[in-house]
Structure formats: structure tokens, C-alpha cells
Amino acid sequence: MAESGPRRPWLARRKPLGWALLAALVVLTGNASAADPGPPQSATIVADKSAQTLSQAWRIDNDAMIEVHNVRGNVDISAGEAGRASLEGSLGSGSKLVVAGDAKHLELRVEPADQEHSWFGTHGPRSDSELTLKVPAGASVKLELVSADGKVTGIDGKSLNVEVVSGKLTLSSGAPQVDVESVSGDVNLAATRA
């Protein structure tokens, strides 16, 4: 006598259900880690031969100090979610991004990837790095640029300190203490607090 179908139909339905539950668990675990990225930890991201896409997030204090250093390209810092810093953009080839700090102090530094060629040998990274950083509005910002453009908007923390050699700056801030130094770049500053 030939059987038509599985002897235990509930077992046949169980395997797809198990895979569906496993997939749901993976999705939920991924979303939980995206919701709470954790404080900054020391890390280095390297873009040796081609540009590297950046997508990082950290949990930081609302009044944290944010330091960004970039030799060439563009840096855009704006107000984002409370308690969170998020970085998007691209790291130019021949560059590395050094991340340091904790919940009170986040530092992002773009440097040449090749340690044998110092700033004096190659004048920094070979390609532009484009950094878009969103931080809490109450953060303080220190931005140091060489031949990079910078834009800071919506940051009302204790201080805004910007130094640039030859890039263009667009700044809109309500920080009570603002210090801007530029050697030969254009500066457009709008104070949003009286």
C-alpha cells in the first residue's frame, strides 16, 4: 500500500515555522543593537586602495565634546537625536579614520593610512573624505580642517571651536562660546542665540 503524503503532517509544518521564528529573532536582535549602539570605543577604519563607506553610531551624552579632524574633503555636523552620534559618508582611499573616546568625548580623526608617509611626505591622505555627523544639539564641537570644507548647524552646546586653513566654513550655532580661526578660507557665521 502506497502512502500519499507525510505520516506526520504536523512535522512537515514545523520546519518552516522554526525557520520563520529564527529569522524573526535575527531581525529583532539586529534592531535592538541599532537602537542602542553603545558608547564610542577605540577603533580604526582603513580605506587602503578604494573609498570605504561609513555608517557608524555611538551612544553619547547630550553635552558631550565632539572633536573632528579632517585634512581634505568635507565635514557636515548637525543636530540629531538626543544621546546618539551617527556618522555616515565615505573615507577616501589612502585614509584611515581613528575613533576614540567615550560617552562624554568622541574624537574622529582622518589620517593617512600609510604610516611610512607622514604629513610632511604626502601632505595627508590621497583622497577626499566626506563625513556627515549628527550629534545631540547640546554637544560642544571642536572642528579642525586643513583643505576641507566644514558645515555646522543646530549645535547649541557650551562651545563651538573651528580651525581651518583653506576650506570654506558655514556655521549656524547658538553656542555661547564661539571661536573661529581661518587662514585663507571663507567663513559664513550665523549666531542663532542673542
Check: LYS151 fails exactly one of the following numbered conditions: (1) within 25 Å of VAL99 (Cβ to Cβ); (2) open to solvent by less than 60 Å² (accessible area, probe 1.4 Å); (3) touching a Ser or Thr at 6+ places or on another chain (Cβ under 8 Å). What is the number of that condition?
Finding: (2)
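Would you mind stating whether GLY80 is open to solvent by 20 Å² or more (accessible area, probe 1.4 Å), under 15 Å from LEU133 (Cβ atoms) and free of Cβ contacts under 8 Å to residues at least 60 places away in the same chain?
Working: open to solvent by 20 Å² or more (accessible area, probe 1.4 Å): yes; under 15 Å from LEU133 (Cβ atoms): yes; free of Cβ contacts under 8 Å to residues at least 60 places away in the same chain: yes.
Yes, satisfied.
Name the strands (runs of 3 or more DSSP E) wholly within region 111-192 that hold at least 3 residues that are modelled with pLDDT under 95 and closer than 16 Å to GLY73 by Cβ? First the steps, then the outcome.
Details: elements: 129-135, 140-155, 159-164, 169-173, 177-182, 187-191.
Fully inside region 111-192 and qualifying: 140-155.
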Notebook entry, point to check: Taking LEU131, is it over 15 Å from the mean Cα position of the chain (by Cα) and either open to solvent by 40 Å² or more (accessible area, probe 1.4 Å) or touching a residue at least 60 places away in the same chain (Cβ under 8 Å) (or both)?
Noted result: no
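The rows are residues; the columns are (1) open to solvent by 80 Å² or more (accessible area, probe 1.4 Å); (2) assigned to a strand (DSSP E or B); (3) at pLDDT 95 or above; (4) in contact with a Cys (Cβ under 7 Å, 6 or more places away or on another chain).
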site	(1), (2), (3), (4)
ALA24	no, no, no, no
THR29	yes, no, no, no
LYS49	yes, no, no, no
LEU54	no, yes, yes, no
ASP63	yes, no, yes, no
ASP76	no, yes, yes, no
SER86	no, yes, yes, no
LEU106	no, yes, yes, no
Item checked: Subset of region 145-194 [under 22 Å from GLY92 (Cβ atoms), in contact with a Gly (Cβ under 9 Å, 6 or more places away or on another chain) and acidic (Asp, Glu)] -> ASP149
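The values are calculated or read from the model by the stated rules, or taken from the named source; none is laboratory data. These numbers come from a predicted model, not from an experiment. Quick reminder, even Gly has a Cβ in these numbers, built from the backbone with ideal geometry, and neighbours come from all protein chains shown. For the accessible areas, the whole protein counts, side chains as well, though only heavy atoms, and no ligand, DNA or RNA atoms are used. Shrake-Rupley method; radii C 1.70, N 1.55, O 1.52, S 1.80 Å.
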